[in-house]
């Protein structure tokens, strides 16, 4: 048990530590606590926004208890998206596995420690995502005292569902990647398809929640029978239904126990079959047929699409934006409810759409981990016959190229669906692109200062490096705060707020770019 506990702590540190392994132990410990704090903040923020908005909408419909159904579903799906790459990186493709298995340790012990670490991260996310729903519900109706101890039982069980799904997807991911010649591209396509199904599931579930029925058997899509465990959560918390708790326990524990047993008995065979072929052509210098910038962009795109954990963690924003816009285009019946809710709150449609687009894209920061992902091969990139500024330009352009199509699609659909003013119709394209530039600049600067070249896996760089915390979560929080400030200023300056937002983002972009082309270039040259 003592060995198991130490292994678990080591694996959890790999998942949560965002500093380089080189440095003092105290510094790494601080980074882990800060990562926990940031995960808690992110969970409370997303959970709070959804819980209180959903509670208000469901209260108006007289179906307040639906907030627990939708929030438990969102918590499981979000935690799944956040841990699936961690499960792949720490269990199936971890760099420390061979070293650990060379020690006098049982393979089952190593596997169990890794599995519990993945479950631990899912537990943290689910707890802080679900906690605000209790307070949101209590604003309109009192909960029985039994809801609070039962809530703890629910929180222990829900992460098991996301852990099982993450282990299955992580195994399939590694298997395909190790056996398929075009593994990264194939896997990216499969992951995009899976994310599309999840988004469809969430949108459909939310749409039905706004309807008149709560019975899962009446849901319009056969996929939505999967929402049944989330209805059990509602029955457990509102009605103290112990039979529903038993059902949830069976659905959570049995699959986790089964997959744990399968992994423990076949762990050595699974790991030995996960050797991945690598290619070394992405660092070829610019040929006579290509300009240096085209060659660098080609290299950035190969790294982006060839590193699935990088791709899937930074494509979420554009995918949600584009998927949500297309969904609204085909579900225009929801527009009346959306506009009615905004009228009650007193927010103009154009302003909230622009704010929503910027908020969604603020997490799509490809520059924040881009230098760290070079790893031990950074010296090759620095030795190419190109300028340092061109290297940094390529990393920024990658971010803009990925975001721009989603902004265009969402902007066109919003212009078609909503009655917007002329300035709103223009700014719905301009402001998100400018905000993306600022986000990309901040992420790149953060990665110049917090470069993590010795990470145990790509997952550790993309999910838990300091630059990603600053460039993605930090930018997202700052963006939301800025949007609240601008909304408050709108009371005094009216629709001119869009011009002020444009001026702010433009000045920020100019200042940050000037820093990159001077001190940023010098900082990149100093990285070893």
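The values are calculated or read from the model by the stated rules, or taken from the named source; none is laboratory data. Treat the numbers as computed from the prediction; the structure is a model and nothing was measured. All Cβ positions, glycine included, derive from the backbone under ideal geometry; neighbour counts span all protein chains shown.
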Among the residues of the range 406-447, how many are within 22 Å of the chain's Cα centre (by Cα) and touching a residue at least 40 places away in the same chain (Cβ under 8 Å)?
19
Residues to consider are 244, 252, 264; find the one that is at pLDDT 65 or above and within 26 Å of the chain's Cα centre (by Cα).
252
Can you tell me which of (1) out of contact with any helix residue (DSSP H, G or I) (no Cβ under 8 Å at 6 or more places or on another chain); (2) surrounded by fewer than 17 Cβ atoms within 10 Å (Cβ to Cβ) is the one residue 378 doesn't meet?
(2)
Residue check: is residue 358 within 26 Å of residue 454 (Cβ to Cβ) and in the same structural domain as residue 433 (by TED's automatic domain parsing)?
no
Determine whether the range 179-191 contains at least one residue that is within 20 Å of residue 310 (Cα to Cα), outside any helix (DSSP H, G or I), at pLDDT below 90 and touching a helix residue (DSSP H, G or I) at 6+ places or on another chain (Cβ under 8 Å).
yes
